[in-house]
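Asker: Have a look at the structure that comes next, please.
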Amino acid sequence: MPVLSPTSSQTWTDERIALLKQHFEAGLSCREIAADIGVSRNAVIGKLSRLNLTRGWSVDDRKVQDRSFGPRRAPRAVPRLQYEMLATIYGETDAPVVAGPIDDANRCSLLELSENCCRWPISTPGADDFCFCGNTAPDGQSYCAGHSRLAYRPNSRARVMRG
């Protein structure tokens, strides 16, 4: 087959379209067709699409073919390390979580926050009613017990792993 010059003024001449159809029917890949015709692979794919030429594979055939080529991947390991570390630090407790209302009597401004105050923001920063929770936070924690329940909820994967 003669290779046509890629510098021709029109990309898809009648000769190139005939070669494209001939190579496509012969079962050549888009890369091979592009190299022979002298256009890019994407140009071949686009022209095949515009000509409504398909290989006749169904979605199921492609899935079966894709699975047969590559090596089988090992199943992903369950990411238990982080859960085990947190269980070691905070202890494994099955105590019921207290779901009472959060007290709003201790609200304070940024300047009034102290070391053991809850830093949960209330409202939108810059708004006139913006403040912080201000309830007592356990040692080393940023939030009170009520806001800790909201801030440190385990994700769905961790909930499933715990049972």
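Read the figures in this text as sums done on the coordinates, not as results from a lab. Here the structure is a predicted model, which is why all the values come from computation and not from measurement. Every residue, glycine among them, receives a Cβ derived from its backbone with ideal geometry; neighbour counts consider all protein chains shown.
Asker: So for the pair L53, S40, with labels modelled 7 Å out along Cα→Cβ, what separation do we get in nm?
Answerer: So the two model labels end up 1.9 nm from each other.
Asker: Let me ask something else about it. Suppose the chain between R149 and D104 were pulled fully straight at 0.36 nm per residue; how much longer would it get relative to their current alpha carbon spacing?
Answerer: 14.6 nm
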